[in-house]
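Working notes, beginning with the structure itself.
The values are calculated or read from the model by the stated rules, or taken from the named source; none is laboratory data. Just so we're clear, the structure is a prediction, and the values are computed from it rather than from any experiment. Positions of Cβ are generated from backbone atoms using ideal geometry, with glycine treated the same way; all protein chains shown enter the neighbour counts. Just so you know, the surface numbers come from the protein's heavy atoms only, side chains and all, with ligands and any DNA or RNA stripped out. Shrake-Rupley method; radii C 1.70, N 1.55, O 1.52, S 1.80 Å.
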Amino acid sequence: MSIPETRKGGLAVMRVLNLYFTATGNTEKIAKQIEKTLHEQGHEVDSVKVGPDTSEPDILAYDLIFSGSGVYHWLPGKPMQTLWGKLVEKYFREGEIKPASPRRQGRKAVVYCSYGGVHTGINEAVPAVKHMAQLFDHLGYEVIGEWYFVGEYHGKLQPHSTNGRMGNIVGRPNEADLREVAEKVVGILRV
Ligand SMILES: Cc1cc2nc3c(=O)[nH]c(=O)nc-3n(C[C@H](O)[C@H](O)[C@H](O)COP(=O)(O)O)c2cc1C
């Protein structure tokens with residue numbers, strides 16, 4: 001298979017995908033910080049905000065993928081789950097998911113969530129991140145980051161921003177969280 005690269009000034013340029021689902025805007029803040037940091041570091045990036053009718057992105061066209069979602073009942077949001085279902089089916093059908101999931105040279109993924117953790121803290125966010133990560137692992141991408149960011153509850157569940165295991169999470173992700181996002185992205189680019 002040819003390695004998908006674009007060329008800029010004669011140099012090979014990484015193709016980067018920034019794929020995310022957000023229902024109340026928290027994950028979007030993180031996704032936008034990822035995009036901004038990638039730009040600052042001189043990388044182009046395709047950002048895709050997942051909705052109910054998002055068609056399958058060409059995952060295999062990308063060298064580095066960031067994929068994130070808010071956590072809803074321990075899993076990624078429904079539109080993200082639906083998209084994952086379509087992608088898994090497609091890549092099994094096309095023979096791209098192979099027994100033993102052989103690694104694809106140079107392909108890497110970072111999976112992250114924003115979560116409120118009102119009941120059991122980070123443990124209730126872990127299944128969401130592991131769920132998303134398995135698609136990339138099955139496709140032979142090395143998952144080089146699994147990130148968890150705290151995200152306040154909005155709307156009816158707003159009281160959960162102060163009455164749960166995470167303590168007071170009002171305003172999260174905040175500036176400090178977004179600085180952490182930027183630092184982590186810079187760290188990933190060193191890989
Ligand atoms: C209906 C609903 C269900 C939620 N379920 C969970 C959950 O199971 N675990 C968790 O840690 N956070 C849960 N949260 C909190 C969200 O994951 C958190 O606020 C997240 O940052 C939202 O991301 P978004 O604004 O990008 O959609 C829930 C929030 C709502 C509104």
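The table below gives the values:
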| read-out | value |
| --- | --- |
| Test set (1) open to solvent by 70 Å² or more (accessible area, probe 1.4 Å); (2) within 15 Å of the ligand (Cβ to nearest atom); (3) not basic (Lys, Arg) - Met132 fails condition number | (1) |
| Subset of the range 41-58 (residues that are open to solvent by 30 Å² or more (accessible area, probe 1.4 Å) and touching a residue at least 24 places away in the same chain (Cβ under 8 Å)) | Gln41, His43, Glu44, Asp46, Ser47, Val48, Lys49, Pro52, Glu56 |
| Some residue of the range 63-83 being open to solvent by 70 Å² or more (accessible area, probe 1.4 Å), within 16 Å of the ligand (Cβ to nearest atom), assigned to a helix (DSSP H, G or I) and touching a Phe, Trp or Tyr at 6+ places or on another chain (Cβ under 9 Å) | yes |
| Filter result (in a strand (DSSP E or B) and at pLDDT 95 or above) within the range 1-48 | Val16, Leu17, Asn18, Leu19, Tyr20, Phe21, Asp46, Ser47, Val48 |
| Qualifying positions in the range 91-106 - surrounded by 14 or more Cβ atoms within 10 Å (Cβ to Cβ) and among the basic types (Lys, Arg) | Arg104 |
| Gly121, sole failed condition from (1) over 25 Å from Val191 (Cα atoms); (2) open to solvent by 10 Å² or more (accessible area, probe 1.4 Å); (3) within 16 Å of the ligand (Cβ to nearest atom) | (2) |
| Residue under evaluation Lys86, criteria (1) more than 16 Å from the ligand (Cβ to nearest atom); (2) within 27 Å of Val191 (Cα to Cα), criterion not met | (2) |
| Ala109 being part of a helix (DSSP H, G or I), modelled with pLDDT of 95 or more, surrounded by 15 or more Cβ atoms within 10 Å (Cβ to Cβ) and of a type in the set (Gly, Ala, Ser) | no |
| Selection within the range 151-191 - acidic (Asp, Glu), within 14 Å of the ligand (Cβ to nearest atom) and either under 13 Å from Gly116 (Cα atoms) or exposed (fewer than 12 other Cβ atoms within 10 Å of the Cβ) (or both) | Glu152 |
| Single match in Val143, Val185 (criterion: touching a helix residue (DSSP H, G or I) at 6+ places or on another chain (Cβ under 7 Å) and closer than 17 Å to Thr27 by Cβ) | Val185 |
| Pairs with Cβ under 6 Å, 6+ apart, first in the range 158-185 and under 23 Å from Ala109 (Cβ atoms) and at pLDDT 95 or above, second open to solvent by 60 Å² or more (accessible area, probe 1.4 Å) and not hydrophobic (A, V, I, L, M, F, W, C) | Pro173/Lys29 |
| Residue within the range 130-148 that is part of a loop (DSSP other than H, G, I, E, B), more than 23 Å from Lys98 (Cα to Cα) and without any contact (Cβ under 8 Å) to a residue 60 or more places away in the chain present | no |
